[in-house]
Each structure stands twice: as structure tokens, then as C-alpha cells.
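**Student:** Questions regarding the structure given below will be posed in turn.
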Amino acid sequence: MKLSQFLLFTLLTVFATAQNELDFDMDVTYGRVGGYADVTYTITNISNNSINSLTINHTDVINPVLTLNPSTLVPGATVSATGKIAISGDRFNGSIPFLGSTQASVSGILNGNTITELSDGIDFQGNRVDDSSSDYQISTPERIGVIYIDDDGDGAYTQGTDTTISNATINLSDQNGNMFSVMTNETGWWYAEIPSSMLNTAGDFFGTIDQISFPTAFTNYFLIDGESPFPLAFPLALPFDYAHGYSDQPASIEDVNKISAYPIPMTNNTLYLNNFEAGSAHLYSLDGKEIWKGNVEDGTIKFDAINSGFYILKIMSDQKVTTIKLSKK
């Protein structure tokens, strides 16, 4: 055999051997914008020797580097692990579902050498494909939103420029005071699936952004895009209907002088007002019934005990009448 032929044969043999040391299958579930797609990894040692220090590298998941447990596999042994892909609405294309694709690799030490294997994926037809990406469907829920810092100052969400806020809390309630909460995922997006026990009152739902759940640097920022509380539209809503943007500066000089209340949502029975010192206060349920009245003194309202839920607060002085949407935890 000629030397060139021998070298080619040797390279092909090494390549074929390298492709038969680990079997790495990866499956990804259906996911929703504002939620997650679940990933399952299955690794099997198909070599004749133990493989040590097994590590998965997958840039798309929340924890992109995962040391397997056990991290050593004897010949024929299998290990499984899971991960999550946080899904944003940045690829939103209307109401039509769209598709995602992802791939990972696993590395380990075999006979003192580092080996790497790409994941075998599932294509859109459900076929397992060697060394290929795994495809999955992404849908857009009816109730969806993004919370962001308006870094470019344009008053609207800009993909790839504005910082989104993960783990921010949105409190949701019906007119009967029934409440539940959702959170933004690692991409800053959220979706709300109304509990079945509360669907009969769905048309009266309101959402409140809990700014205290933001990172400390942003808890005192101004809301300059969207409103809080906000009505949760049914049955359909596009993502940017629920965009909420924050800035370290108010949107205008008028906003500096605007009457506002805090904390919202209320955690006790005391409410503080900006730019309103004294006057009368009236609290109404969402169906227009007055349930409390009192006074504003030194920019403070002290209510009697009120139930959790959403309300309309009307404050009045000789110069002005202001209405504020109010919620109570």
C-alpha cells in the first residue's frame, strides 16, 4: 500500500472511530413566547473504554455549560439531563406559529484525549438526524408582553438595543379580587394563561407591574411606555400592546408634575401621592360602586381595610380632579 493511501486510510479510520464513541440525542418540546422550551439530553458511551469529565455545551439554554451527573460513563452506560430555552418575542411574525432550531455538543476525556460529539436532532418531520439540530415549534399566546429599559430613548421597545428585565412580576386580578401572578422569563418576555377557575370574569382582568421586583437599579425608574395597571385584552392581543418601558428620566416635563401614587400594588392600607397634598378621596370598585371615602392629608391616604383587587381612586381639590387606577395585594 502506498504511503499516501495508508495515511488516507488511517485518517478515515480515526474519523470513523471518533464518530462512534458517544451517542448524543437531544429532544426539544414545543414552547411559548414568554415561556420556555424544555430540552432533554441523552448520552450513551458506545466506546470500549470509560469516558470521563462529560460536559454539555449548549449556548441556547439558560445554563449553557452543564457537567453531567454521573460525569463518567463506563462502556454501554447512559446518562440523561434536562435544560430550558427561554423564548422571546423578537422573532414574532404575526399570529402564525414559527419554528426554532438548536444544537448542542458533549465533550469528555477518553484515554487521556478530549473528544467531542454533536447532538443528533429531530427534524420537523420527526426524523432523528445524526449530528443535526433539533427543531421545535414556538407559538405566540394571546396575552403576552415585554418589560424593558428604554436605552435608546425612543419611547418604544427596540430589539437588540433595549435591555429587558427578567424575573419581573406582573400581578393579575379579576373584578372579584381573585389574583395570580406571572413573571418575565430570562428574555424579559411573559405570557399569562388565565386559570380555568377565573375564566368567567376574564373580560375584567387588569395587570399591574410590580416595580419592586425589578433589579435595584431600576426600582425608581419612570414608566414611559404602556400603563400600570393595564386592562388585559381578550380574546386577542399582539405583543406590543403589552410593552412596558422604563427610563431614569420622565418622558416630558409634564410627567414631572403629574399626580401619581405609590406603592402600586398597595401592600397595606396606606397610599402616598406625588404632587397632591390635600383634598378628598373616593374609592370605587370596577363596577362603579363607591366603597370608601376619606381625605388626603400631607400627600397620604389612609384607607380602612380593603380587600385585594383592582379599584378606581378619585382625588379632588379646589383646583383639580384626578382619577388613578389602584390595586391592592
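**Student:** Under 24 Å between alpha carbons: how many lysine pairs meet that in the chain, if sequence neighbours fewer than 8 apart on the same chain are excluded?
**Tutor:** Lysine pair count for the chain: 26.
**Student:** Divide by every residue of the chain the summed helix terms, -39500 (n - 2.57) for each DSSP H run of at least 4, and state the resulting mean residue ellipticity at 222 nm, rounded to the nearest 500 deg cm²/dmol. Walk me through the numbers before you get to the answer.
**Tutor:** Details: 2 runs with 20 residues, N = 329.
The per-residue figure over the chain is -2000 deg cm²/dmol.
**Student:** Looking only at THR208, THR164, THR78, which one moves most when the chain is put into a Gaussian network model with springs between Cα atoms under 10 Å?
**Tutor:** Result: THR78 has the largest fluctuation of those listed.
**Student:** Hey, another quick one. Sort ASP150, ASP130 so that the residue with the fewest other Cβ atoms within 10 Å of its own Cβ comes first and the one with the most comes last. Mind dumping the intermediate values first?
**Tutor:** Numbers: ASP150 23, ASP130 12.
With the fewest neighbours first, ASP150, ASP130 line up as ASP130, ASP150.
**Student:** Same structure again: Cut-off is 10 Å between beta-carbons; in what order do LYS325, LYS320, LYS289, LYS258 appear when sorted fewest neighbours first? Intermediate results must be reported in sequence, preceding the final value.
**Tutor:** Working: LYS325 18, LYS320 11, LYS289 8, LYS258 14.
Arranged by neighbour count, lowest to highest, LYS325, LYS320, LYS289, LYS258 become LYS289, LYS320, LYS258, LYS325.
**Student:** Can you tell me, using C-alpha contacts under 8 Å and at least 6 residues apart, the relative contact order of segment 36-78 as a whole percent? Provide the component values of the computation, followed by the final result.
**Tutor:** Values: 54 pairs, mean separation 20.1, N = 43.
Computed over segment 36-78, the figure is 47 percent.
**Student:** If you take volume of the Cα convex hull per residue in Å³ from the coordinates, which of (i) 189; (ii) 146; (iii) 203 do you get?
**Tutor:** Read-out taken from this structure: (i).
**Student:** Also, I was wondering about something else. Given a 10 angstrom Cα cut-off, can you work out which residue in PRO195, PRO265, PRO250 is the most mobile in a GNM of the chain?
**Tutor:** Per the Cα network of the chain with a 10 Å cutoff, PRO195 tops the list.
**Student:** Next question, about the same structure. Any chance you could give the angle, 0 to 90 degrees and rounded to 10, that helix 3-18 forms with the longest Cα principal axis of the chain?
**Tutor:** 40
Read-outs throughout are calculated quantities, based only on the coordinates presented, and are distinct from any laboratory measurement. Computed from a predicted structure; not experimentally measured. Cβ sites come from the backbone with ideal geometry, for glycine too, and all protein chains shown count toward neighbours.
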